[in-house]
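The values are calculated or read from the model by the stated rules, or taken from the named source; none is laboratory data. In this text the structure is predicted, and so the values were computed from the model without any measurement. Cβ sites come from the backbone with ideal geometry, for glycine too, and all protein chains shown count toward neighbours.
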């Protein structure tokens, strides 16, 4: 399914007068504060957030899954769905594949299919946290850290296979997330497990093309609960530093213990030039994979405050990070959920762009905690949604993506095309 741009334009016309009024007021306000609305709009349009192929189907828990019908059954249909999102919000211009869930059978055809939707291929993701039907060795007790060198080699070979597919598609990065760890005290030798993981990652790193990056993701628990081999940003940074200049830490917002200061982690990694990218989501308790900004929008803004400060620092040694959503919702229409996440991320980014950095830094140097809080919260409390909508409008997308999605009955059309019982591949 493809959305007719003329239909979007027609639906936009219904809310355009109100939008114009809101945008003109906001634009004037920002200009008086010394910000250039046109410049911010351009940055928002340039800020593309990759959609993971596994988020296009209904998520689930260990208790059940409740699919809503019309889910993408093939890689081509997953690309179609990301194309739908991009047509509606002009901010989802890339797709991130998970191998072996999304192995392309015809590389050139898949590339052409993505190009027809104006999509690029973001980082590719390996999978050594599941056993596949055709694999020889099990990952039940680990993959890159396993005691058996044959299991480790199988996991290394899989990652290199993922790189092979990604290279042909035009990707430039490999994301490695490991479920490796233990659930009981004494089960695993911490030092040996970490050393084996480092040795395995070195083999993968050396097998990547010279212009590729490796993103090392961390997580404190789940599916193992006593310890995970790469449990936090410090361990990820340690591994990335020993691997080389093209290895970086990847931050997943859900991969932290409660009350962790994620914005401090971001600032530290950027200072070291080791922040590779983000997996955006939100949570109440742990790795809940909820819609970005649904629970802790102020934290999301504070994270972007650190990101913008680092990205706009001319002396920064950190390369531009990669941006991706990593969510898997059990209740919402996956496409509506992703539309909401993209807008929340764009909004936090725009708010961070309107922080008076000179005033903020002066307040910090004067140890004026009250003024520093006022500056940050004034930016956070300013409704910049008309600015995000204007960025979409200028790019030919929808003023109100979720409303247009519903007006066009997209999910019903997908059910007609794919059936009420279709299930997306992956988790």
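In table form, for the structure just shown:
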quantity	calculated
Odd one out for residue 97, checked against (1) crowded, with 20+ Cβ neighbours inside 10 Å; (2) free of Cβ contacts under 8 Å to residues at least 60 places away in the same chain	(2)
Selection count where residues are under 17 Å from the mean Cα position of the chain (by Cα), part of a loop (DSSP other than H, G, I, E, B) and either modelled with pLDDT of 95 or more or within 21 Å of residue 390 (Cα to Cα) (or both), scope the stretch 44-70	3
Failed item, numbered, when residue 254 is tested on (1) touching a residue at least 60 places away in the same chain (Cβ under 8 Å); (2) under 30 Å from residue 47 (Cα atoms); (3) loosely packed, with under 15 Cβ neighbours inside 10 Å	(3)
Residue among 26, 30, 75, 84 that is under 28 Å from residue 134 (Cα atoms), in contact with a helix residue (DSSP H, G or I) (Cβ under 7 Å, 6 or more places away or on another chain), surrounded by 13 or more Cβ atoms within 10 Å (Cβ to Cβ) and modelled with pLDDT of 95 or more	75
Of all residues in the stretch 333-342 being farther than 16 Å from residue 46 by Cβ and within 14 Å of the chain's Cα centre (by Cα), the one that is surrounded by the fewest Cβ atoms within 10 Å (Cβ to Cβ)	340
Residues (surrounded by 12 or more Cβ atoms within 10 Å (Cβ to Cβ) and under 16 Å from residue 348 (Cα atoms)) located in the stretch 36-51	37, 40, 41, 42, 43, 44, 45, 47, 48, 49
Subset of the stretch 9-23 [in contact with a helix residue (DSSP H, G or I) (Cβ under 6 Å, 6 or more places away or on another chain) and either closer than 13 Å to residue 403 by Cα or at pLDDT below 95 (or both)]	11
Hits in the stretch 131-168 - residues which are surrounded by fewer than 19 Cβ atoms within 10 Å (Cβ to Cβ), closer than 30 Å to residue 112 by Cα and within 27 Å of the chain's Cα centre (by Cα)	132, 157, 160, 161, 164, 167, 168
Residue, farthest from residue 223 (Cα to Cα), within the stretch 146-183, restricted to residues that are touching a strand residue (DSSP E or B) at 6+ places or on another chain (Cβ under 6 Å) and assigned to a helix (DSSP H, G or I)	169
Tally, over the stretch 188-242, of residues that are within 20 Å of residue 166 (Cα to Cα) and assigned to a helix (DSSP H, G or I)	8
Candidate set: the stretch 272-293, residues that are surrounded by fewer than 20 Cβ atoms within 10 Å (Cβ to Cβ) and touching a residue at least 24 places away in the same chain (Cβ under 8 Å); chosen: the one farthest from the chain's Cα centre (by Cα)	272
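To keep it simple, each residue is scored yes or no on (1) modelled with pLDDT under 95; (2) out of contact with any helix residue (DSSP H, G or I) (no Cβ under 6 Å at 6 or more places or on another chain); (3) closer than 28 Å to residue 213 by Cα.
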position	(1), (2), (3)
292	no, no, yes
296	no, yes, no
302	no, no, yes
316	yes, no, yes
324	no, yes, yes
337	no, yes, no
346	no, no, yes
352	no, no, yes
